[in-house]
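Asker: Let me give you the structure first, and then I'll get to my questions.
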Amino acid sequence: QVADWLAHPFEDFFGDTGAPPCAAAVRLPRGCSGRGRGQKQKELSPAPESSRAPPQKRAKPCAADLPRAKPRRARSRRQDELPWVERYKPETQNDLAVQKKKIEEVETWLKKHVFQRQPKQGGSVLLLTGPPGSGKTATLQILAKDLGLQVQEWTNPLSLDFTKEDLRNMFDHDSNFHTFPSQAQAALFQDFLLRANKYNKLQMLGESSENDKKLILVEDIPNQFYREPDSLHEILRRFVRTSRCPLVFIISDNFSGDSNQRSLFPAEIVEELCIFNISFKPVAPTNMMKVLNRIAAAEASMNREKNYALDRPSLELLCRGCSGDIRSAINSLQFSSTKDCSLEKEFWSKKKKSSTVKCEEAGVSKVRKRSKCDTSEDQEIQAIGGKDASIFLFHALGKIIYCKREAVSEAESPQLPAHLSRHHRDTLLIQPEDIVEKSHMSGSMFNLYLHQNYVDFFSDIDDVVRASEYLSTADVLCSNWSTRLVMESYSAAVATRGVIHSNTSRAFAHQQGGMGFRPLHKPQWFLIHKKYQENCLAAKSLFSSFCLPPECLQTELLPYLAMLANPMRNQAQIAFIQDVGRLPLKRHFGR
């Protein structure tokens, strides 16, 4: 059994060295059995010819007697069982589906903080952000290999060893679970950074000290830091003071609004520790198509009997469904290429047939044909393994504000009566409700961003009046807190369609009116709401003797106190009354 167990690894290790047949199999399990070393040496030492008894029966053949083709066959079988993401992972920079500019930025930072580091310079932290599957980890690993850097990666421990006394203290009725594994993970993480920063690699014979360059990679952040970011900040402050190697964090963005980057690395910590941030973008469809074509061609040449070769339209549909995630696209390609899955083959045939028929039926124009195909494909189910389509917030706002339209002939568009002719518009190329849904924001929050930015894209004051009326109506729909969750989708539909319809300078496809390109901004409501909360807390603490709610203090009492010349107040109260209780009409009123 030991010979069978050690057959493959030791054949690969020793090769054809001319060693005795079972030397490798007998040499390794030293200390594994209950017998002592002396007994083993006694058994393995060669006995004199006269004392050797003739072998009565040949034992089970050892590993070296087996044919050499078996390990290669097993190795090729293991290679075939690997996922395509692992089998075709990029090996060089040319294999990466990442923008060349991003690769150069990461490479420049690594060279600066590894090879050009000053002797007394502290630690440096790099933050790689971007959507999942955008090539962040692959870029770092390939650049580290090209630069000769040793990567020490942190992984969260799956199980922790606790004694019975620790478990008894954890589950005691007086315990509040403060010593549960989360704190142990944070302590292990801090110890990992200290050890990775303190000890160098062992120098082998013939190696130079220049090869002892390393970086620390953290992609799996302990869960405790999401609840208590301050503990992570303290560890990073200590690391920056005492470190001798760079630290790289990789964080994947999500579209749900709760950004891990903002909670773990707020702006003040980024500025204090000089954390450099490089943001990756989703993989472009052209780069993704090159990777998928290369993988499909390689699989078609090697495993033609197992895999089903997809044509170019199917690959394009697969790219469109993965939303720039190259890892998801490769997994979907592997699943879609399996010949055993008859359901998958039937799905692709129906998909291609329906899209082809719909494109052929729409024979008005090339633009018309393309938009019809895109709309029909968006309305159908996505490709196997396709992700939910997501749009970044400002991209979604641009689609609403610029509101691209499609030219329609008079014969196809319904004619409005004469008294409603001013409402005639060309057909929109977008569905506003879908845009709001794909932005992964609530309707009221999307309306805030729209209200902040819509004015710069209007050229007629009457259009602004109509758009503001629609936004006011949308605000009224969400005014009741008991029905807000139900009415938010209707409110967003009224706001977006109202703003689009009110902009007469973009009513038709041939019109390129409006104010051109304008930058988009965050709503001032956030700053005003923050100032309002601070004023409420300050008023409640400074004028607690009046026993009034903060709203009454600021709107009723403080304007009255500002008109009095009563010296019976401290300096903090006087400053707050002058700031809140008096409305300066001579300067621009910004509240």
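The values are calculated or read from the model by the stated rules, or taken from the named source; none is laboratory data. Everything numeric here is computed off the predicted structure, so don't read it as measured data. Positions of Cβ are backbone-derived with ideal geometry, glycine not excepted, and every protein chain shown enters the neighbour counts. In case anyone asks, the SASA skips ligands and DNA or RNA and just uses the protein heavy atoms, side chains included. Shrake-Rupley method; radii C 1.70, N 1.55, O 1.52, S 1.80 Å.
Asker: Hey, with R₀ at 51 Å, roughly what FRET efficiency would V476 and R244 work out to, going by the Cβ-Cβ distance, to 0.05? Can you show the working numbers first?
Answerer: Working: r = 61 Å, r/R0 = 1.20.
That pair, V476 with R244, gives E of 0.25.
Asker: Okay, moving on. Convex hull volume of the Cα atoms in region 530-581, per residue, in Å³?
Answerer: Numbers: hull volume 3.6 nm³, N = 52.
Cα-based convex hull of region 530-581, divided per residue, equals 69 Å³.
Asker: Evaluate E = 1/(1 + (r/R0)^6) for Q573 and K530, where r is the Cβ-Cβ distance and R0 equals 30 Å; express this FRET efficiency to the nearest 0.05.
Answerer: Numbers: r = 22 Å, r/R0 = 0.74.
Efficiency for this residue pair is about 0.85.
Asker: To continue, here is another question. Given the protein chains as shown and a 1.4 Å probe, how many square angstrom of E412 are accessible, to the nearest 10?
Answerer: Accessible area of E412: about 90 Å².
Asker: Sticking with this structure for a sec: Which residue, Q571, P549, Y532, has the largest displacement toward the positive end of the dipole of region 530-581 when charges sit on each Cβ (Lys, Arg +1; Asp, Glu -1)?
Answerer: Going by the charge dipole, the pick is Q571.
Asker: Charges only on Cβ, +1 for Lys and Arg, -1 for Asp and Glu: so what's the dipole of region 285-337 about the Cα centre, in debye to the nearest 20? Intermediate results must be reported in sequence, preceding the final value.
Answerer: On the way: 7 positive and 5 negative charges, 20 e Å.
Its charge dipole is roughly 100 debye.
Asker: Using the basic label-point model (7 angstrom from Cα toward the beta carbon), what is the V270 to S231 distance in nanometres?
Answerer: Taking the simple label geometry, V270 and S231 are separated by 2.5 nm.
Asker: Using a 7 Å offset from Cα along Cα-Cβ at F394, what residues in region 515-535 end up with backbone N under 11 Å from the label point?
Answerer: 518-522
Asker: Same structure again: Given the peptides 426-438, 553-565, arrange them by the average over their residues of other C-beta atoms within 10 Å, most packed first.
Answerer: Values: 426-438: 17.6, 553-565: 14.3.
So the order, starting with the most tightly packed, is 426-438, 553-565.
Asker: What FRET efficiency do you get for R195 and T555 if R0 is 60 Å and r is their Cβ-Cβ distance, rounded to the nearest 0.05?
Answerer: Working: r = 59 Å, r/R0 = 0.99.
The calculated FRET efficiency here is 0.50.
Asker: Each label point is 7 Å from the Cα along the Cα-to-Cβ direction; what then is the distance between the points at V151 and L520, in nm?
Answerer: Those two pseudo-labels are separated by 3.3 nm.
Asker: So with the 1.4 Å probe, I'd like the accessible area per residue for region 530-581, rounded to whole Å². The partial results should precede the final answer.
Answerer: Numbers: 3440 Å² over 52 residues.
Here the per-residue accessible area is 66 Å².
Asker: Roughly speaking, what is the stretch gain from E410 to F546, that is 0.36 nm per residue apart minus the C-alpha to C-alpha distance, in nm to one decimal?
Answerer: Details: separation 136, 0.36 × 136 = 48.96 nm, distance 6.99 nm.
So the extension gain works out to 42.0 nm.
Asker: Report, to the nearest whole %, how much of the accessible area of region 530-581 belongs to carbon and sulfur atoms, 1.4 Å probe, protein only. Numbers along the way, then the final one.
Answerer: Numbers: 2120 of 3440 Å².
In region 530-581, the share of accessible area belonging to carbon and sulfur is 62 percent.
Asker: Related question: Please tell me the relative contact order of region 530-581 in percent, rounded to the nearest whole number, where contacts are Cα pairs under 8 Å and at least six residues apart.
Answerer: Working: 30 pairs, mean separation 19.3, N = 52.
Once divided by the residue count of region 530-581, the mean separation gives 37 percent.
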